[in-house]
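Undergrad: Got a structure for you, questions after.
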Amino acid sequence: MARILIIDDEEDVRIALKQVLERAGYEVSVAADGPEGLDLMKEEGADLVITDVIMPGIDGIAAAKKIRDMYRDTRIIVMSGGGMIAPAPYEPDAISTRSYLASASRAGADRTITKPFDRHELLQVVQKLLEES
Amino acid sequence: MARHLNTIPGRLVLMLLLIHALLMPPLFYVISSTVERTMKDSFIDNVRNFAQVFVDRFDRLEADVTEQRIIELLDSAMLSGQGSYAAIEVGGRTVGSSLMNVQDAGLFREDFAFGEHDDDVYYLSLPVSGLAEPAVLKLGYDESPIHEDLVAVRLTLIYVLSAYLLLTLVVAGFMSATIVSPLRWLQTVSRAISSGDVDRELKPDSRLEEISALADDLERMRRNLVGINARLKEEIAERAQAEADRRQLEEQAHHHERLRSLGTLAGGVAHEFNNVLQPMVLYLELALEDLPADSPIAENLLRVQELARRAKGLSQQILTFSRHDSDPRFVTENLAPIAEEAVTMIRALLPATVDLRIDINPDCSPVKCAPEQIQQLLVNLCNNAHQALSDDAGYISVSLGEVQVSDQLASRHSQLDAGQYVLLEVQDTGMGMDPATQERIFEPFFTTHEVGKGTGLGLSVVHGIVERHDGEITVESKPGKGTRFNIFLPCDGRGEQSR
């Protein structure tokens, strides 16, 4: 069974995603930030990583880049809440999600997905990516 | 009086009067005294000639002449000329004319000049040698006719001089009029020019060299001033226009800035909102899966799911406004079929009673656009127009055409460059808006409708879509008359620039 690693600083996002994916039959591990996620990759490895775009410490883009560099075969999905995302929210020079997602793609993400998505949407994307690999 | 003296005719008349006052008395004196002298001299000559005639007559008398004969001679002397006295002194005895007044007989006083003794008679005595004894003939001639003649001559002289003076004044008046009237005309025209009628020409019909030269100079000056004036007016108008344009651009920039920061704020909120919504959506799906379909709990959870869907829609609208929605599909296409499709949708959404007028030019240049967003834009604008129509009276018109944006128009809109644009217009004849409302219509959640009717996001979404297409939206509205939205979308494929 495929292994999936979820990296998100929101606990509820982690829990909900874990439940949905486990019910779909995947093996799921969760990490609250980038460094923890990289540690888990080292320990357990994963076929697919789903990471939030912005997190304290190493953000989703940096994490995606590292994972892509180290684990060629691992698929990566980057999630975003849309809107402005910046360390200090609502700053006028905040970076837009679009440019963030664009840089995520450049960093090596296979797919980007915008929150809120439903279970069906998520499973479709996950299944497709895993089939491709 | 002093005012009249300070005019050209006044000065001229005064000058002439002064000259004549100085010249005329000596002239009068010289002429009249010359005439007087001549008259007196000729009087005396005449008198002496007469007297000599009678002396000759007495000289030719016989020595034994009778006294009667002497008296006859004296009488004839009295009757000749202006005689008034005639007597002869012979040997100490005086014989007088019988025509002489008795009182006059003793009056004889010898005159050596005209008018001596103030007796109006010129007396003279001459020796007579023809008689037996030495005798002296004494004659007197009336001077008064000469006096009368002199008065008449002086009067005539005065008349002539007066007539001369009068004629001089008349001629002077006429001459000064030929100077003054063109000057007055120049003055009238100058006044007209100074009070704004700058196109009047300064060209009097005077043949006086000085005046026509002055008029020419003034006319040249006027033309220069008119030129300067026109240039100044032009410059002032240009400056005012530039200032107005600058202010409008500033206001637009300010407006855009405001909307952009609102977008940033709203986008940030939507981002957080989506992070909260995400686990909710998934938890709901899991919970629903765990429950039997007929569970009363499931029914409520389905309702919650529906609400979450609505919340997602709202958040997506906010993101469209703040231009941070996920990438829409951009294509370069003719807008006509896209707009037609939107109109079909709009017809279905609006009540059948609403008069919807369509004018779509099918031959517009293609535009780089996201078709769904353009349709969304039209739907939102028509929805807004419908809400502005009270009781469905009036009409809504949607038109699509192509325009050339001029430099002038571009200079007044920061988001427009000169060039080819496709213009979408949505107009209604509804209640219109005041300027204060127009200022704020694109702000998210700004609504003039009562609470619960519309989200206040429709026009914000429109604005976000236009920005996303690198276009410009302008509003023309008058309270009570209606509103028109003009959407300019660039034809040259410059759409969707990330800002």
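The values are calculated or read from the model by the stated rules, or taken from the named source; none is laboratory data. Given the structure is predicted, the values throughout are model-derived calculations rather than measurements. Don't worry about glycine lacking a Cβ; one is built from the backbone with ideal geometry, like all the others, and counts go over all protein chains shown. The area values use the complete protein model at the heavy-atom level, side chains included, leaving out ligands, DNA and RNA. Shrake-Rupley method; radii C 1.70, N 1.55, O 1.52, S 1.80 Å.
Undergrad: What do you reckon, how do A:131, B:425 stack up by accessible area (1.4 Å probe), largest on top? Mind showing how you got there, number by number?
TA: Values: A:131 135, B:425 45 Å².
Ranking A:131, B:425 by accessible area, largest first, yields A:131, B:425.
Undergrad: Ignoring ligands and nucleic acids, what accessible area does residue B:246 show with a 1.4 Å probe (Å², nearest 10)?
TA: My reading of the accessible area for residue B:246 is about 110 Å².
Undergrad: How big is the antiparallel share of DSSP beta bridges in chain B, given as a percent to the nearest 5?
TA: 90 percent
Undergrad: Rounded to the nearest 20 debye, what is the charge dipole size of the protein assembly as shown about its Cα centre when +1 sits on each Lys and Arg Cβ and -1 on each Asp and Glu Cβ?
TA: Details: 61 positive and 97 negative charges, 196 e Å.
The dipole magnitude comes to about 940 debye.
Undergrad: Shifting gears a bit: Quick check: Cα centre of the range B:270-307 to Cα centre of the range A:27-50, how many Å?
TA: Measuring centre to centre over Cα atoms gives 27 Å.
Undergrad: Could you work out how far helix B:335-349 tilts from the main Cα principal axis of chain B, as a 0 to 90 degree angle to the nearest 10?
TA: 70 degrees
Undergrad: If you don't mind, there's one more thing I want to ask. Please report the accessible area of residue B:254 (heavy atoms, 1.4 Å probe, ligands and nucleic acids excluded) in Å², nearest 10.
TA: 120 Å²
Undergrad: Please report the antiparallel percentage of DSSP beta bridges with both residues in the protein assembly as shown, rounded to the nearest 5.
TA: Numbers: 49 of 73 bridges.
About 65 percent, rounded to the nearest 5.
Undergrad: Also, quick follow-up: Residues of the range B:124-151 with backbone nitrogen within less than 20 Å of a virtual label 7 Å along the Cα-to-Cβ line of residue B:28, please, listed as ranges.
TA: Label zone hits: B:147-151.
Undergrad: I would also like to ask the following. Ranked from the most accessible area to the least, with a 1.4 Å probe and all protein chains present, what is the order of B:45, A:9, B:428, B:363?
TA: Solvent-accessible surface, decreasing: B:363, B:45, A:9, B:428.
Undergrad: Can you give the average number of partner chain beta-carbon atoms within 10 Å of each beta-carbon in peptide B:285-294, as a whole number? Could you put the intermediate results ahead of the total?
TA: Values: counts 8, 6, 0, 0, 3, 1, 0, 0, 0, 0.
Counting Cβ atoms of other protein chains within 10 Å of each residue's Cβ and averaging gives 2.
Undergrad: Another question, then. Of B:341, A:22, B:443, which has the most accessible area with a 1.4 Å probe, and how do the rest follow in descending order?
TA: B:341, A:22, B:443
Undergrad: Would you work out which of B:86, B:70, B:178 lies farthest towards the positive end of the dipole of chain B? Charges go on Cβ: Lys and Arg +1, Asp and Glu -1.
TA: Checking the options against the dipole of chain B, the answer is B:178.
Undergrad: Return the value, in Å² to the nearest 100, of accessible area buried between chains B and A (probe 1.4 Å, both sides summed).
TA: Values: alone 29220 and 7220 Å², together 33850 Å².
Using a 1.4 Å probe on protein heavy atoms, the buried area is about 2600 Å².
Undergrad: Quick check on chain B: take the gyration tensor over C-alpha atoms, sort the square-rooted eigenvalues as a ≥ b ≥ c, and tell me if it's rounded (a/c under 1.5), prolate or oblate.
TA: It comes out prolate by the Cα gyration axes.
Undergrad: Using amide H atoms built in the peptide plane, which far-off residues or other-chain residues are under 5 Å from residue B:478 H to H?
TA: B:433
Undergrad: Moving to a separate point now. Taking each residue in A:6-15, count the Cβ atoms of any other chain within 10 Å of its Cβ, then average. What number comes out? Walk me through the numbers on the way to the answer.
TA: On the way: counts 0, 0, 3, 1, 4, 1, 7, 5, 1, 4.
For peptide A:6-15, the averaged partner shielding equals 3.
Undergrad: A follow-up question, please. I'd like the mean, over residues of B:262-273, of how many other protein chain beta carbons sit within 10 Å of each residue's own Cβ.
TA: 6
Undergrad: With a Förster radius of 60 Å, plug the Cβ-Cβ distance of residue B:297 and residue B:235 into 1/(1 + (r/R0)^6) and report the FRET value to the nearest 0.05.
TA: Efficiency, rounded to the nearest 0.05: 0.15.
Undergrad: Could you compute how much accessible surface residue B:183 exposes when probed at 1.4 Å, giving the result in Å² to the nearest 10?
TA: My reading of the accessible area for residue B:183 is about 60 Å².
Undergrad: On a 0 to 90 degree scale, rounded to 10, what angle separates helix B:209-290 from the longest Cα axis of chain B?
TA: The angle comes out near 10 degrees.
Undergrad: Find, among the trypsin sites (Lys or Arg not before Pro) in the range B:1-83, those assigned to loop by DSSP (not H, G, I, E, B) with at most 12 other beta-carbon atoms within 10 angstrom.
TA: Taking the range B:1-83 and a limit of 12 other Cβ atoms within 10 Å, the loop trypsin sites (Lys or Arg not before Pro) found are B:60.
Undergrad: So what's the net charge close to residue B:185: Lys and Arg +1, Asp and Glu -1, counting the other residues with Cβ under 12 Å from its Cβ?
TA: Around residue B:185, the surrounding residues sum to +2.
Undergrad: Helix B:296-321 against the longest principal axis of chain B: what's the angle in degrees, Cα atoms only, rounded to the nearest 10?
TA: 40 degrees
Undergrad: State, to one decimal in nm, how far the label point of residue B:19 lies from the label point of residue B:76, with both points 7 Å from Cα in the Cβ direction.
TA: 5.9 nm
Undergrad: Find out how many positive minus negative residues lie around residue A:26, taking Lys and Arg as positive, Asp and Glu as negative, among other residues whose Cβ is under 15 Å from that of residue A:26.
TA: Cβ neighbours under 15 Å give a net charge of +2.
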